[in-house]
1. Assuming R0 = 25 Å, can you tell me the calculated FRET efficiency for the pair L199 and W30, based on Cβ-Cβ distance, to the nearest 0.05?
2. According to a simple spin-label model (label point 7 Å from Cα along Cα-to-Cβ), what is the distance in nm between F57 and T321?
3. If Rh is defined by the Kirkwood formula over all Cα pairs and Rg also comes from Cα, what ratio Rg/Rh do you get for the chain?
4. Give the distance, in whole Å, between the Cα centre of the stretch 211-234 and the Cα centre of the stretch 1-78.
5. I need the calculated FRET efficiency for the pair I338 and L274, taking r as the beta carbon distance and R₀ as 30 Å, to the nearest 0.05.
6. Would you check the accessible area of R263, probe 1.4 Å, heavy atoms only, in square angstrom rounded to 10?
7. Counting only heavy atoms of protein chains, what accessible area per residue, in Å², does the chain have with a probe of 1.4 Å?
8. At a Förster radius of 45 Å, what calculated FRET efficiency corresponds to the Cβ-Cβ distance of T146 and Y285, to the nearest 0.05?
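The values are calculated or read from the model by the stated rules, or taken from the named source; none is laboratory data. None of the values given here were measured: they were computed from a predicted structure. Cβ sites come from the backbone with ideal geometry, for glycine too, and all protein chains shown count toward neighbours. Heads up: the accessible areas ignore ligands, DNA and RNA and are worked out on the full protein's heavy atoms, side chains in. Shrake-Rupley method; radii C 1.70, N 1.55, O 1.52, S 1.80 Å.
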Amino acid sequence: MFKKPVLAESLIVFLIVLCVHAVVWDRYSWCAVALAIQAFYVQFKWDRLLQLGGAVFQFRAAANSGLVPASVAIPLLGIAMKERCGAAGVASLERFGIVVASTGMLLALFLSVIAVGITKPVPSNTCILTGVAGSVIVYTMKHSLTVSEVIEVLEVLLIFVYLSMVLLYLLPRCFTPGEALLVLGGISFVLNQLIKRSLNVVEGRGEPIDFFLLVVVVGVVLLGLFFTVLFVFLDSGTWISSLFFHMMTAVLGLGVIMPWLYRLIQRNPLFWLLQFLFQTQTRVYLLVYWTFLAASACGVVFYQNAKRSCESKKHQASTITRKYFHFIVVATYVPGLIYDRQLLYVAAVLCLAVFIFLEYVRYFRIKPFGQTLRHLLSLFLDERDSGPLILTHIYLLLGMSLPVWLSPRPCAPKGTLSGAGALVPYSGVLAVGVGDTIASVFGSTMGEIKWPGTKKTVEGTMTAIFAQIIAVALILIFDSNVNLNSSYAWILASVSLVSLLEAYTTQIDNLLLPLYLQIMFMA
């Protein structure tokens, strides 16, 4: 069923790994190659387990395991970060890149070992291959990491194991194994970083906006875990439970999250946030503009639901209708990237917190808006929202924001990166906002030639590549900080490979594509 798309998807990922390996060419890139090869073999074991229902947890249907693209994404990101920051002479972030790469490899190996262990009969050839790849990676880590860094990697692995057991049990059919690796691995790494920095607070060290991201992400995750356990024993749909939900949210926010952030930034978080948001006139203009776009997005939701009421209760939003939100997000992010990236950074964190909080309200049916949100958002569901949570809009926000959050600012002299690296913050805009949107719109309306084994069309992919090249040209015109230094061939190759990956992957493209385009640009 999945063989042809899986082979094509894996081939594209291998090409990306080899491109990064050709640029970096060190022992870490060799480890990434070994990891990709063993993940390719293990992926078929995972796919077989999913088809036979032999996996320990319930994963998202209508998709393969996604082990190959997920396994190498985090290691490649760490390798690219190490290379970029090493070239800039920032030793601390170079070491951080090594830790990220090592952590990603260990998490991917753990997921591979799980698949091999529960496959009956035990696949001896795959076991040998996984053992060889694991030995290479462990040997490299032994000669690359300090003792404290090894402990840090093992801490992330431990957090990942516990989070996986809890969240995959509580949220069936929300993730594929690959998506779980990316999402839960990222949350585990963020939680470990927050604990590490909280225990080693040095006044004046670290950017407040970085601490803000860590605290908010961990805070909303802990909030969700708390209420999930609580509402096992209580009916969440009553007014008493809803009142308790709002009261406890305020208590946890003001009593735990705010003091935690105060300890890290050494100032009142609310005063700092208000001062930051309204610091310049440009920020005020951007906030007013973003408020207008947010109101427009809400208007689209209400209008489409009004059409459903008039036409048919079974009416579902079309692909083109859902892509309206992609256009709105592009219109939101581009001015922020050009005029004030720090404001965009903080605004994206706030928006993520609001999105996740509203999803809690919808999921737990919290009064007075829970049932209304269920009705409004059900119009925009697709096959990827097969679990109890609706995550596609959150993935869209993450895909646009991750390149902004993960862009190594200290490794960019005077705030700019030369070559293709200058486009790193625009990775989400190009891959999801432009490429994925144009491919869907043109492919669904004018596409006739389909890629083998998929519903995606050649016309959609070619149009997406062309649109992203046009977008790069417009970025060059309007953003004076972007200097490509004649790296046009690399940009074209990067955009083309990621567009082909979009055509063949069955994973959440809003999350996967920006990561790979960012990796290619950073390399």
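1. According to the calculation, E is roughly 0.15.
2. If labels sit at T321 and F57, their model points lie 3.2 nm apart.
3. Numbers: Rg = 22.4 Å, Rh = 23.9 Å.
Ratio value, two decimals: 0.94.
4. Each part reduced to its Cα centre gives a spacing of 30 Å.
5. Working: r = 24 Å, r/R0 = 0.80.
Efficiency computed from Cβ-Cβ geometry: 0.80.
6. Ignoring ligands and nucleic acids, R263 comes out at about 120 Å².
7. 45
8. 0.45
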